[in-house]
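A quick write-up on the structure given underneath.
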Amino acid sequence: MFSRYAIPSPNPDVDGRAMSAGFSDQLIAVLPRLRRFARGLTGSAVEADDLVQAACERALSRAEQFQEGTRFDSWMFRIVQTIWIDQLRARNVRKEDGEVDGEKLGSDEAMRRVEARIALAEVRRAVSRLPIEQRTALLLVTVEGMSYKEAAEIVKVPVGTIMSRLARARVALQAQLDAGGGLRRSTDDAEAS
């Protein structure tokens, strides 16, 4: 499994120079944000770690493609998104079912912690049902705190497209949560499991 802080030692790039320490430092600094983004895309901590590891491997093997003076985090988010889309396409070809394991709730926790976990699981399920374009816009802007412009650069679409995807994602998310009956439905689902 990929460790958050383990970065392989720098390998010489195509020119024979060692990868810059700045590149490694930037990669380490962006890892928590990449993991959060990947978790939102995949809905699973294990799949998210695998996705981030694949993105880091790709970034390290193609470090010479990074253009100094551009945003490193945007480059990495784009790599994560590209790999995720490739994985989704591969699943569709293989007709795989990407089921997400349910979270186990501890019976000895205080009631408010259990309710918070149930509510979070409900939101995660609702987010996972959004179309990938809407989910990506929602995660980049609301979870990662990026501006519309930054998100548009990562996804390579106009700013207006990000804004409309985000608006549609918020409406769809609210509709799903309202249709689910809120916390009560999640509690019923947990009891049925």
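Restricting the search to the range 31-46, which residues are buried (at least 17 other Cβ atoms within 10 Å of the Cβ) and touching a residue at least 24 places away in the same chain (Cβ under 8 Å)? The answer is L31, R33, L34, R35, F37, A38, G40, L41, T42, G43, S44. For the range 112-150, the set of residues classified as closer than 18 Å to T82 by Cα and touching an Asp or Glu at 6+ places or on another chain (Cβ under 8 Å) consists of L140 only. Residue-level check: of (1) at pLDDT 90 or above; (2) under 30 Å from R129 (Cα atoms); (3) surrounded by fewer than 17 Cβ atoms within 10 Å (Cβ to Cβ), I28 misses just (2).
Quick check, is V171 surrounded by 15 or more Cβ atoms within 10 Å (Cβ to Cβ) and not in a loop (DSSP other than H, G, I, E, B)?
no
The values are calculated or read from the model by the stated rules, or taken from the named source; none is laboratory data. Just so it is clear, the model here is predicted, and its values are computed rather than measured. Heads up, the Cβs are rebuilt from the backbone with ideal geometry, glycines too, and the neighbour counts pull from every protein chain shown.
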